[in-house]
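A.B. asks: Below you will find the structure I want to go over with you.
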Amino acid sequence: MNYVVLVKQVPDIKNVPREAWDWEKGTLKRSLLDNVCNELDKQAMAFALGMREEVDGKIVALTMGPPFATEVLRYALSLGADVGVLLTDRKLGGADTAATAYPLARAIAKIQQELFDGDSSFVVVSGMQSVDGDTAQVPAQIAEDLGISHAAYATSFHFENGSLQVRRITRRGSEVVAPLSYPCLVTAAEWTQPPFPSFGRTRWAQSQELHQWSAADIGADESRIGLAGSRTNVVRVFSPKEAGQKDCVFENDLEKLVKMLKETYESRLVTAEKEEEKIGYRLPPGRSPDYRGDVWVYAEQEGGELNPACFELLGKATELAAQLDEKVGAVLIGRGVGGLSSELVAYGADRVYVAEHDLLDDFLPTPYTLVLSGLVEEYRPQMLLFSATPLGRELAPRVAYRSNSGLTADCTGLDIVDFKRGDRELTAVLMQTRPALGGNVMASIVAQNSAVQMSTVRPGVMRALEPDHARKGELVEYVPKIDESDLGSTIVDSEIRPVAAEIKDAAIVVCGGGGCKTKEGFDRYIPSLAESLGGYLGQEAMVGASRVAVESGFLDRSRQIGQTGQTVRPRVYVAAGVSGAVQHLSGMQNSDIILAINKDPNARIFKVADYGIVGNLEEVVPALVRVLDSEGSDR
Amino acid sequence: MSELKKMDVLFVGAGPASLAGAIKLKQLLNEKGRDESVVVIEKADKIGQHSLSGAVFEAGVLDELIPDWKGRQDSFVTRMLANDVKRDETFFLLGQRLSFKLPEAVMPAYLRHKGDHVVSVNELAGWLAGIAEGLGVEVYTGFAAKDVVIEGDWVRGVTLGDKGLDKEGNRQPNHLPGETLEAKVTVFGEGSLGQLAERLVKEFDLGSGRNPQVYSVGAKEIIRLPQDNSFGLNRVVHTFGFPNRALTPDVFGGGSLYSVGENLVAVAIILALDWRYCDLSPQRELQVFKSHSLIKRLLEGGEVTAYGAKTIPEGGYHSVPELATNGAVIIGDAAGLTSVRKLKGLHYAIKSGIAAAEAIMRAIERQDFSGDALRTYGDLLENSFVMRDLRRARNHRQVFAKAGRAGLYVGAPLSLVQQWVPLKLGAKQDHLGMTRAKVKKRDTGGIDRLTAVGLSGTAHREDQPSHITFTDPGRCARCGHDYGCHPCTFFCPAEVYRSEGDNVILSPSNCVHCQTCRVKCPHQVIRWEIPEGGDGPRYKTM
């Protein structure tokens, strides 16, 4: 067995100086940032090294980038790769994910021919996503291009009689998948502590010749690479903090404060919607829209159970379709899932497309891609929205790639706009807004040269409509044309268990700092506040700690928030007894609503907070918990 | 693979001294058509990130190393040439408001800077590393040498630190044991307070008959000024006096402001570490310094963009150890080669690297790497401007120390005559100066210490064993009682130490590797070890 590891040189986004952004063009002056190996790609290297220990073979590290990206290849060699391949060509610059996946897939084909002597038994390993693009689309699209199976969110692997089995995270737990043929692609989620390069290996790596291939060397079709081959276009980059500095509202009347907090919490969703309604797109007279057709939602289901995130998509789709004067479609794929269609209609779908097949019982990317692409081909919607769940982020890139459509990952805003750039005028197109570079900036993106405008949408951001069970909708049945040979991989085992939530995904975070004074103090105040606040707002709240608190042993390091810990962006962030050192702020300042409790009215944390309570934790927290509990039970 | 851990000459620490030495040596080897390997290792993640200097650079020393350097059209040389000193001022600051400009005529020659160049040592190191690699020197970053390999009475190389130990020192799955690098000659250019050089001096008794080394600490900020600032370009300002008390200026040191580029000023204070105050914080002193009306006016509207701190060996001539032993030499700050009167070390560092390289080349040609052969390096240095200058200033810092509370007023005049004192004035270790005295409470302002730490870019993998430990934690509680505070929570420029009642809590990941703590801890119970390679500050413009 041989191995290809995809590595990427990325800017060090923990430290982006302001002057590094070209705000006009929406691009990044990378020369002003340090270059580092993408963190998850180190996991990919660790996977490949582990695999090679079990089944011996050659490891080829592959990257695409400017000439100085040789650095990341030498790094990969120093970790244990045998050969480095750099794909570099001016023509490849400015590429989006599709125009990146295509040449990488061609390079992998060339690696198979020239470095593996045509042998097809190899595994492509990559990190789940890069910290700069943060789309997770390229690996899935490479797999689609090569027509191979893809095991995403891999957390471990083993070989069973020489064939690979991969454990991966799913929304409901985990499963073990095995590719039915080789090559196959595995994307690594966090797995182990990344390996360190040794001195000897580093010295060896410096002496190695690297393969350097151009677009012509891999026989790339020039219309599919670079800016020209891209199907999305960044039209605007702005700072999430553009709205200006926050003015902290200090309120020591806790009942009043709690009500204000809740109002803001609820209105953040509603106002977002309302503002859009206010702007409410109208087609300018005499213009015709660039895209026509229904607004579709992929109704994600697993085990016959709809992911509630798809109701949020339907809410958004209803609004977009109304502005465009089109219908809302929902797509259901699976086995025996037709019964779920009425629910989708109640939440806003006008038509539900149902594709059922025995082979579609479990989600497997290859057959699902075939079926959904077939539907898109046949009914030609103008837009297709997915939830940015693990499943959605695996399926959407493949469908988009297959149907020549632009895809934007993890959107937090969707609007219909008319748009002019240079001599090109776009009418009634979807402007997709998403955080980029670890939340440091927001980017607005439109599709170009696309059949359908596709997005994955961050769950919890859009608002679902109140379900109307009297609503009537049309049911469209679609017969999938698939057979066993389309499966790509098989699920060997699956485990359904509540997934240990990760603090970076939490909707509410309560963070305790040095102000807790002792571990007992921390344990007494912070979890109870989290529980009461979570109960009050109807969302699960998680507990975090500042570095000072972790160093004092109040909580383990996995829950540390800040520059050297986790970066969180919850909807509500409570900083209790946290002074607000810059190192802490960089890990939480992009949170939606920030409530700070500190005995020092001049604490820096109040500079980024929306609401502030000045006082000792010993007094404030128990009182706050009482108010939250009683207000909560009043409803 | 073991061949990869052998080399002919190994330089430890990629500062200006090592890089200059590696360049010179490779030039000499290339001239003779020899291909001995020259390797430089550095504990910082990238070249230059752990270097910090003022820096007013006497660039003339480059003529000897890279004769055509002025003709190079690279961005570093262009910037350095554009940053030549045209306006050179010295002020005496009396209290927070008054300042007196000293006429140039009264300044001793060694305190004049016209024609020197203001540089960032981070960029200087990056530039030198590029030249070195171009000649065939191998430069590897992220590798921290932890110990000297000594066999009998020979230095055989260094051992690197382990990577991948957890907080308790257990091996993680990714544990990488520290490799042993073998070299015919190992050159120790670790900078101020280099621990391997210290071990060498101890093991081979290279410091006998010398004064103990004494240090200063410098705290530095880079400040971005508005477009229409009054500071201007090509200007250096030096000050003495404030934040010292007006009547008893008893902390030896001074302040400086250098224009380092378009709208950028480097501001620093340097304080001799023998201060007596148990609650003196260099980072705070820098803020107080900036609150002086003259400095405030010069920095009007400025924003701090970077911060760092480092120690400077100040013992001078009488503290420089013997520089060579079997298989090893010591260069640059690690050898204490800093001009005590000018507080400049870059040109000494580079010159010492060059001299070491010439000596090593002779040793290679004769295949004799003994201390006797390598001592040519000391002879070369002795006959160069480095030792000439140092000899002339041999009692400089000592007279300030002897002046005690009278400080500057007695020390400054004495410093002018010290070179005629025929005696070797002794020096005592800095930590012995600590007393219960407290600095008078001053106006606070500027940036706080944690924000400053953030601006140093420092980072450490936090799951490794703490690289700072107390050899006798019981002493800390007593220390707190003795002084009425924990001095380490003040003297650390990076807030590694925090008081929690009687105890001191450590935040090792704030550390900027200056090692002030090792010098200044009154009980000498702080152990500072080198953390995992790649960790530490990330200076870019210092």
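A.B. asks: Residues that are farther than 20 Å from residue A:552 by Cα and in contact with a Cys (Cβ under 7 Å, 6 or more places away or on another chain): does the range B:463-483 have at least one?
C.D. replies: Yes, some residue in the range B:463-483 is farther than 20 Å from residue A:552 by Cα and in contact with a Cys (Cβ under 7 Å, 6 or more places away or on another chain).
A.B. asks: Now for a different question. Could you tell me whether the range B:445-460 includes any residue that is farther than 20 Å from residue A:552 by Cβ and more than 26 Å from the chain's Cα centre (by Cα)?
C.D. replies: Scanning the range B:445-460 turns up at least one residue that is farther than 20 Å from residue A:552 by Cβ and more than 26 Å from the chain's Cα centre (by Cα).
A.B. asks: Quick check, is residue B:10 surrounded by 24 or more Cβ atoms within 10 Å (Cβ to Cβ), more than 14 Å from chain A (Cβ to nearest Cβ) and not small (Gly, Ala, Ser)?
C.D. replies: Answer is no for this residue.
A.B. asks: Test of understanding: among A:465, A:475, which residue is within 30 Å of residue A:334 (Cβ to Cβ), surrounded by fewer than 18 Cβ atoms within 10 Å (Cβ to Cβ) and in contact with a strand residue (DSSP E or B) (Cβ under 7 Å, 6 or more places away or on another chain)?
C.D. replies: Of the residues listed, the single one that is within 30 Å of residue A:334 (Cβ to Cβ), surrounded by fewer than 18 Cβ atoms within 10 Å (Cβ to Cβ) and in contact with a strand residue (DSSP E or B) (Cβ under 7 Å, 6 or more places away or on another chain) is A:475.
A.B. asks: What residue, among those in the range A:564-589 that are among the aliphatic types (A, V, I, L, M) and more than 8 Å from chain B (Cβ to nearest Cβ), is surrounded by the fewest Cβ atoms within 10 Å (Cβ to Cβ)?
C.D. replies: Only one residue fits best here, namely A:585.
A.B. asks: Can you tell me which of A:313, A:391 is within 26 Å of residue A:435 (Cα to Cα), assigned to a helix (DSSP H, G or I) and touching an Asp or Glu at 6+ places or on another chain (Cβ under 7 Å)?
C.D. replies: Going through A:313, A:391 in turn, the sole match is A:391.
A.B. asks: On the phi > 0 side of the Ramachandran plot and more than 14 Å from chain A (Cβ to nearest Cβ) - does that describe any residue in the range B:16-29?
C.D. replies: No, the range B:16-29 contains no residue that is on the phi > 0 side of the Ramachandran plot and more than 14 Å from chain A (Cβ to nearest Cβ).
A.B. asks: Among B:284, B:276, which is in contact with a Lys or Arg (Cβ under 9 Å, 6 or more places away or on another chain), farther than 18 Å from residue B:112 by Cα and assigned to a helix (DSSP H, G or I)?
C.D. replies: B:284
A.B. asks: Let me ask something additional. Identify all residues within the range B:169-209 that are part of a strand (DSSP E or B), within 14 Å of chain A (Cβ to nearest Cβ) and charged (D, E, K, R); write none if there are none.
C.D. replies: B:171, B:182
A.B. asks: Which numbered condition trips up residue A:160, out of (1) within 14 Å of chain B (Cβ to nearest Cβ); (2) over 30 Å from residue A:412 (Cβ atoms); (3) out of contact with any Ser or Thr (no Cβ under 6 Å at 6 or more places or on another chain)?
C.D. replies: Unmet condition: (1).
Per-residue answers, yes or no, for (1) assigned to a loop (DSSP other than H, G, I, E, B); (2) more than 14 Å from chain A (Cβ to nearest Cβ); (3) farther than 30 Å from residue B:290 by Cβ:
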{"position": "B:100", "(1), (2), (3)": "no, yes, no"}
{"position": "B:131", "(1), (2), (3)": "no, yes, yes"}
{"position": "B:143", "(1), (2), (3)": "yes, no, yes"}
{"position": "B:147", "(1), (2), (3)": "no, yes, yes"}
{"position": "B:158", "(1), (2), (3)": "no, no, yes"}
{"position": "B:167", "(1), (2), (3)": "yes, no, yes"}
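A.B. asks: Looking at the range B:504-532, which of the residues that are surrounded by 19 or more Cβ atoms within 10 Å (Cβ to Cβ) and on the phi > 0 side of the Ramachandran plot is farthest from the other protein chains (Cβ to nearest Cβ)?
C.D. replies: B:515
A.B. asks: Do we find a residue being touching a Lys or Arg at 6+ places or on another chain (Cβ under 9 Å), over 22 Å from residue B:450 (Cα atoms) and either touching a residue at least 24 places away in the same chain (Cβ under 8 Å) or aliphatic (A, V, I, L, M) (or both) anywhere in the range A:572-584?
C.D. replies: no
A.B. asks: Within the range B:34-58, how many residues turn out to be crowded, with 21+ Cβ neighbours inside 10 Å, away from chain A (no Cβ under 14 Å) and more than 18 Å from the chain's Cα centre (by Cα)?
C.D. replies: 0
A.B. asks: Can you pull out every residue in the range A:365-388 that is hydrophobic (A, V, I, L, M, F, W, C) and either at pLDDT below 95 or in a helix (DSSP H, G or I) (or both)?
C.D. replies: A:370, A:371, A:372, A:375, A:376, A:388
A.B. asks: Please indicate, with yes or no, whether at least one residue in the range B:480-503 is in contact with a Phe, Trp or Tyr (Cβ under 8 Å, 6 or more places away or on another chain), at the interface with another protein chain (Cβ under 10 Å from one of its Cβ atoms) and modelled with pLDDT of 90 or more.
C.D. replies: For the range B:480-503, residues in contact with a Phe, Trp or Tyr (Cβ under 8 Å, 6 or more places away or on another chain), at the interface with another protein chain (Cβ under 10 Å from one of its Cβ atoms) and modelled with pLDDT of 90 or more: absent.
A.B. asks: Looking only at the range B:458-479, how many residues end up being within 14 Å of chain A (Cβ to nearest Cβ), of a type in the set (Gly, Ala, Ser) and over 21 Å from residue B:283 (Cα atoms)?
C.D. replies: Of the residues in the range B:458-479, 1 are within 14 Å of chain A (Cβ to nearest Cβ), of a type in the set (Gly, Ala, Ser) and over 21 Å from residue B:283 (Cα atoms).
A.B. asks: Let me ask something else. What number of residues within the range A:536-549 satisfy the criterion of being within 13 Å of chain B (Cβ to nearest Cβ) and either over 28 Å from the mean Cα position of the chain (by Cα) or farther than 23 Å from residue B:496 by Cβ (or both)?
C.D. replies: Counting residues in the range A:536-549 that are within 13 Å of chain B (Cβ to nearest Cβ) and either over 28 Å from the mean Cα position of the chain (by Cα) or farther than 23 Å from residue B:496 by Cβ (or both) gives 2.
A.B. asks: Can you name the residue in the range A:197-209 that is touching a residue at least 60 places away in the same chain (Cβ under 8 Å) and at the interface with chain B (Cβ under 8 Å from one of its Cβ atoms) and, of all such residues, is nearest to residue A:174 (Cα to Cα)?
C.D. replies: A:197
A.B. asks: Considering A:534, A:553, A:565, A:577, which residue is under 30 Å from residue B:468 (Cβ atoms) and modelled with pLDDT of 90 or more?
C.D. replies: A:577
A.B. asks: Consider residue B:209 against the criteria (1) within 18 Å of residue B:305 (Cα to Cα); (2) without any contact (Cβ under 8 Å) to a residue 40 or more places away in the chain: it satisfies all of them except one. Which criterion is unmet?
C.D. replies: The single condition residue B:209 does not satisfy is (1).
A.B. asks: Considering only the range A:550-563, state which residues are among the basic types (Lys, Arg) and either surrounded by fewer than 20 Cβ atoms within 10 Å (Cβ to Cβ) or at the interface with chain B (Cβ under 10 Å from one of its Cβ atoms) (or both).
C.D. replies: A:557
A.B. asks: Mind listing whichever residues of the range A:97-150 are part of a loop (DSSP other than H, G, I, E, B) and over 30 Å from residue A:237 (Cβ atoms)?
C.D. replies: Answer for the range A:97-150, where residues must be part of a loop (DSSP other than H, G, I, E, B) and over 30 Å from residue A:237 (Cβ atoms): A:115, A:116, A:117, A:118, A:119, A:120, A:121, A:147, A:148, A:149.
A.B. asks: Run residue B:115 past the list (1) surrounded by fewer than 23 Cβ atoms within 10 Å (Cβ to Cβ); (2) part of a helix (DSSP H, G or I); (3) in contact (Cβ under 8 Å) with a residue 12 or more places away in the chain; (4) away from chain A (no Cβ under 14 Å) and report the number of the one that doesn't hold.
C.D. replies: (2)
A.B. asks: Out of the residues in the range A:410-427 that are in a strand (DSSP E or B) and closer than 30 Å to residue A:391 by Cβ, which is nearest to the chain's Cα centre (by Cα)?
C.D. replies: A:410
A.B. asks: Regarding residue A:405, is this residue more than 23 Å from residue A:354 (Cβ to Cβ), touching a strand residue (DSSP E or B) at 6+ places or on another chain (Cβ under 9 Å) and among the polar types (S, T, N, Q)?
C.D. replies: no
A.B. asks: Working only within the range A:518-535, note down all residues that are within 14 Å of another protein chain (Cβ to nearest Cβ) and either under 22 Å from residue A:255 (Cα atoms) or in contact (Cβ under 8 Å) with a residue 40 or more places away in the chain (or both).
C.D. replies: Residue satisfying the conditions is A:521 alone.
The values are calculated or read from the model by the stated rules, or taken from the named source; none is laboratory data. Please read these numbers as outputs of a predicted model, since none were measured by experiment. Backbone-built Cβ (ideal geometry, glycine too); neighbour counts: all protein chains shown.
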